[in-house]
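Okay, structure first, notes after.
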Amino acid sequence: MRVPLTLPALRPLAIAIALLALAPAAGAQGVYKYTDPAGRVTYTDDPKAGGGAARQVDIPASPGASAPAAGLSDSDRQLLEQAKRRAAGLDRAVEDIVAAHTELRAAEARREQGIEPIEGERQGRRYRPEYWQRQQGLQRAIEVARAKLNDAIERRNALR
């Protein structure tokens, strides 16, 4: 089943990309630690907590964030690399889908605007060959853009 790509269909993708871009900023917020008079240790994101006695705690980056853990076997490392390549391929395919969709919509808009003959393309009530050649060129541009979109969708589906 082929799902048509429309602006409402691409909206969740755009939201997901925006959320992923903002995710690292959420983890960058400071964490503070203080001990209350009863001796209980409290962690908070408020630097003024505990009557100003809160001290910032350094949290090291997660070990899996930059490099694979040293304890991974060779087969696990290979699987991890394959997963990273697949994810990168999917990202490229989605970018290609969005670009091809935009190109297709632009080609369709050019065809709609190009329906009216321009000066010199009409002879009396008949259209001259130049008009028909221009129309064929506009239609070819749509077909090329549609083929690019279909190719990008097929590449994405093959990577899924």
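Of all residues in the stretch 115-145, those satisfying the criterion of being in contact with a helix residue (DSSP H, G or I) (Cβ under 7 Å, 6 or more places away or on another chain), surrounded by 16 or more Cβ atoms within 10 Å (Cβ to Cβ) and within 29 Å of residue 100 (Cβ to Cβ) are 138, 141, 142, 145. Scanning the stretch 109-160 for residues that are among the hydrophobic types (A, V, I, L, M, F, W, C) and touching a Gly at 6+ places or on another chain (Cβ under 7 Å) yields a count of 2.
Of the candidates 105, 110, the single residue that is at pLDDT 90 or above, surrounded by 10 or more Cβ atoms within 10 Å (Cβ to Cβ) and in contact with a helix residue (DSSP H, G or I) (Cβ under 7 Å, 6 or more places away or on another chain) is 110. For the stretch 52-102, taking the residues that are under 30 Å from residue 36 (Cβ atoms) and among the aliphatic types (A, V, I, L, M), the one that is modelled with the lowest pLDDT is identified as 61.
The values are calculated or read from the model by the stated rules, or taken from the named source; none is laboratory data. Bear in mind the structure is a predicted one, so any value in this text is a computation, not a measurement. For neighbour counting, all protein chains shown are included, and Cβ atoms are generated from backbone atoms with ideal geometry for every residue, glycine included.
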